[in-house]
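> Quick one: this structure, given as structure tokens, is what I'll be asking you about.
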Amino acid sequence: MTMPHVGAIFGAIAGVMAIMLHSSIHKIEEGHLAVYYRGGALLTYPNGPGYHIMLPFITTFRSVQTTLQTDEIKNVPCGTSGGVMIYFDRIEVVNMLVPLAVVDIVRNYTADYDKTLIFNKIHHELNQFCSVHTLQEVYIDLFDIIDENLKLALQKDLTVMAPGLTIQAVRVTKPKIPESIRRNFELMEAEKTRLLVTAQTQRVVEKEAETERKRAVIEAQKVAQVAEIHFQQKVMEKETERKISAIEDFAFLAREKARADAEYYSAEKFAEANRVKLTPEYLELMKYQAIAANSKIYFGQDIPNMFVDGSNSPPKPPLG
């Protein structure tokens, strides 16, 4: 072989080796796991983030995300119980797959498990919901619970079918409805808003009237309470005057009784003293003292008693 032929062979071998090396080295991003297929069979050992080597052309890999991810389902048709077809422009499903469940879920539902477990399930559950509710309920009355119902329905099935895959949240956009129906809804909403404003205005007027009535009642109660206080004050004043008068009367009676008792006691004691003092002997003594004090003494047959005249009037001539 000539040198050019040898160089060409070595160059070809080097090129093949470079291609094989390039095909065998692969990189896995953070938050992902690599699952491997060899001859179409899923291998049981995944690899984490970083650079890895595999057999080129025989082994292939798929990167599976194990962090929070958001799947978008767009333009989902939905038929209401009344036969109106509406479309949900976008439904977002926030989900997370735990690393330990990656191999089992990929084996059962492939690496595109979200199409089977989330996308198709969203279509099914949303149509189930719409089929038993009217357009009014789906578009207005029950719209705020659609996302929560979808989340609960998804998680209930995933707990049985794919343990390790959890639904964190579901977000549903307002559905698109036929233009003629949409205008009717807008008119209805405008009328409802007007009625709400009217009702609110009526409630405000009623509240103001109720407030005014309560204010009048409070004012009347205040006036009545003030009058009651004045009345009670006058009653208390009269009662106080009556008590003072009664006390004064009682004190006057007590003083009069004490004075009468004192006078009675003095008279009684004086009488008692006189009884003790006015003995026959003392009276006899007093008689003689009285006789001695008189300047004239009259005697006579017609005079049953003796009188003593101590005055300076001229004496009368004796009788007989």
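The values are calculated or read from the model by the stated rules, or taken from the named source; none is laboratory data. Keep in mind it's a predicted model, so treat the numbers as computed, not measured. As a convention, Cβ positions derive from the backbone with ideal geometry for all residues, glycine included, and neighbour counts pool all protein chains shown.
> For the range 248-255, does any single residue satisfy the condition of being among the aromatic types (Phe, Trp, Tyr) and within 42 Å of the chain's Cα centre (by Cα)?
no
> Here is a follow-up. Just give me the residues in the range 72-113 being under 45 Å from the mean Cα position of the chain (by Cα), closer than 17 Å to residue 133 by Cα and not hydrophobic (A, V, I, L, M, F, W, C), in sequence order.
77, 79, 80, 81, 82, 87
> Here's another thing I want to ask about it. Condition check: farther than 30 Å from residue 135 by Cα and either at pLDDT 95 or above or not in a helix (DSSP H, G or I) (or both). Does residue 23 satisfy that? So that I can check it myself, show each step before the final result.
On the way: farther than 30 Å from residue 135 by Cα: yes; either at pLDDT 95 or above or not in a helix (DSSP H, G or I) (or both): no.
The answer is no for residue 23.
For every residue, the table says whether it meets (1) surrounded by fewer than 19 Cβ atoms within 10 Å (Cβ to Cβ); (2) part of a helix (DSSP H, G or I).
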{"position": "78", "(1), (2)": "no, no"}
{"position": "82", "(1), (2)": "yes, no"}
{"position": "88", "(1), (2)": "no, no"}
{"position": "91", "(1), (2)": "no, no"}
{"position": "108", "(1), (2)": "yes, yes"}
{"position": "114", "(1), (2)": "no, yes"}
{"position": "124", "(1), (2)": "yes, yes"}
{"position": "127", "(1), (2)": "yes, yes"}
{"position": "130", "(1), (2)": "no, yes"}
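> Take the residues of the range 19-71 that are basic (Lys, Arg) and over 16 Å from residue 112 (Cβ atoms): which is farthest from the chain's Cα centre (by Cα)?
Here is the first cut: in the range 19-71, the residues basic (Lys, Arg) are 27, 38, 62.
Now restrict to residues that are over 16 Å from residue 112 (Cβ atoms): 27, 38.
Working: 27: 57, 38: 65 Å.
Top of the filtered list is 38.
> Could you please find all residues in the range 111-152 being more than 19 Å from residue 69 (Cα to Cα) and of a type in the set (A, V, I, L, M, F, W, C)?
Once the filter is applied, which keeps residues that are more than 19 Å from residue 69 (Cα to Cα) and of a type in the set (A, V, I, L, M, F, W, C), the range 111-152 yields 126, 129, 130, 132, 135, 138, 140, 142, 143, 145, 146.
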